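Q: Below are the structure tokens for one structure; questions will follow.
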């Protein structure tokens, strides 16, 4: 069994959405060897920084929270699709030529995986792509960007996916992963009432 | 495949070590539907609150940090051993009668799993038990307490395990889990330079 780590490292200089300062994680050492007999720290993390799962509440008022996620939805077979050649966005047109079936969890590999900084023009899934995933009844969609869309005013991609009960996984690192089938493990922290939560996502092969 | 969630829920009223206020997590909603078009929050979490993996730096000056953990150590076959009948501590004597082999990852189920609050007299692994695990060359030890020992002055249990390269997994919830063999998934968040990190731990059966 090969374990592929597809998660971002969490540190103050990591890429964060639109380089917003308040989205940067902070790690504080509250206790160190100089003051105590052990060393312990405390992390402040935006729930949408780094590799994370979105819950419907993120975009839908009254939507489900992350602690209500059925783990079978994120511990599952998955398919990585390579769209590294795309410059702007993934639409229905790029998806229809791929082998996607009902019940699949799809991970979108794009040129985003090849940069170590936040790119304002990151590749995203547009609303026609989201509608196609809804039509096909996939169970989840992951992407190697901090957003599955680029803050489109109506958030149509997020809303279409959430309304169809499709899991959204963001902040993946897929540079080393070839197109193909894997076993995904992306169970998020069980934060009561939260609209998203970090996960240490891996692929097993 | 059955998925058993063996993680603690993260919320302000969860049990924390010695009920220390600074170890309580805080979830702040920075953006809500009343102020924006989406809802987003920010979590402050002690790295040893809830279900987490300790890294050697927690107790050994200059020890390895959590981002250096080989994921194959926490994505692995494991054995749950039931010690629910023990009142005080798990020692070598209780372990020698169990079937433990080189390379095993052992999860210790105790009466701790049956309470929803922090118990000052929680059941722990004493130093003779840790020495026995070192002798057997197990790869990891997990327990259903927020500490694998009760802050013993010399931290002998932690130090013995860390010096032997044995992974320590704390804060498990094992009430529903019967003694037996499982597949463990307990990859922690990849926090650069940290001495521990939260994980969403599950058992697959």
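Q: State whether the residues of region A:173-185 include one that is free of Cβ contacts under 8 Å to residues at least 40 places away in the same chain, in a loop (DSSP other than H, G, I, E, B) and either under 15 Å from the mean Cα position of the chain (by Cα) or over 20 Å from residue A:5 (Cβ atoms) (or both).
A: There is no residue in region A:173-185 that is free of Cβ contacts under 8 Å to residues at least 40 places away in the same chain, in a loop (DSSP other than H, G, I, E, B) and either under 15 Å from the mean Cα position of the chain (by Cα) or over 20 Å from residue A:5 (Cβ atoms) (or both).
Q: Name every residue in region B:162-196 that is more than 8 Å from chain A (Cβ to nearest Cβ), in contact with a helix residue (DSSP H, G or I) (Cβ under 7 Å, 6 or more places away or on another chain) and within 29 Å of residue A:44 (Cβ to Cβ), in order of residue number.
A: B:162, B:167, B:168, B:173
Q: Okay, next question. Would you confirm whether any residue within region A:99-110 is over 15 Å from residue A:201 (Cα atoms) and within 14 Å of chain B (Cβ to nearest Cβ)?
A: No, there is no match, as no residue in region A:99-110 is over 15 Å from residue A:201 (Cα atoms) and within 14 Å of chain B (Cβ to nearest Cβ).
Q: Does region A:5-42 hold any residues that are more than 7 Å from every other protein chain (Cβ to nearest Cβ), closer than 29 Å to residue B:72 by Cβ and either surrounded by fewer than 18 Cβ atoms within 10 Å (Cβ to Cβ) or without any contact (Cβ under 8 Å) to a residue 60 or more places away in the chain (or both), and which are they?
A: A:12, A:13, A:14, A:25, A:29
Q: Output the number of the condition that residue A:62 fails; it satisfies all remaining conditions of (1) touching a residue at least 40 places away in the same chain (Cβ under 8 Å); (2) over 19 Å from residue A:147 (Cβ atoms).
A: It is condition (1) that residue A:62 fails.
Q: Quick check on residue A:133: is it in contact with a helix residue (DSSP H, G or I) (Cβ under 8 Å, 6 or more places away or on another chain), assigned to a loop (DSSP other than H, G, I, E, B) and either in contact (Cβ under 8 Å) with a residue 12 or more places away in the chain or at positive phi (or both)?
A: no
Q: Which count do you get for residues in region B:73-108 that are at negative phi and assigned to a loop (DSSP other than H, G, I, E, B)?
A: Qualifying residue count, region B:73-108: 15.
Q: While we're on this one: Do we have any residue at all in region A:44-58 that's without any contact (Cβ under 8 Å) to a residue 12 or more places away in the chain and facing chain B (nearest Cβ under 10 Å)?
A: Checked region A:44-58: no residue is without any contact (Cβ under 8 Å) to a residue 12 or more places away in the chain and facing chain B (nearest Cβ under 10 Å).
Q: Quickly run through region A:134-157 and pick out the residues that are within 16 Å of the chain's Cα centre (by Cα) and more than 14 Å from chain B (Cβ to nearest Cβ).
A: Within region A:134-157, A:138, A:139, A:140, A:141, A:142, A:143, A:144, A:145 qualify.
Q: How many residues does region B:13-47 contain that are in contact with a strand residue (DSSP E or B) (Cβ under 7 Å, 6 or more places away or on another chain), under 30 Å from residue B:150 (Cα atoms) and in a loop (DSSP other than H, G, I, E, B)?
A: Residues that pass the stated criteria total 2.
Here, each number is a calculation from the coordinates, and none is a lab measurement. This one's a predicted model, so the numbers in the text were calculated from it and none came from an experiment. Neighbour counts are summed over all protein chains in view; Cβ atoms, including those assigned to glycine, are modelled from backbone coordinates with ideal geometry.
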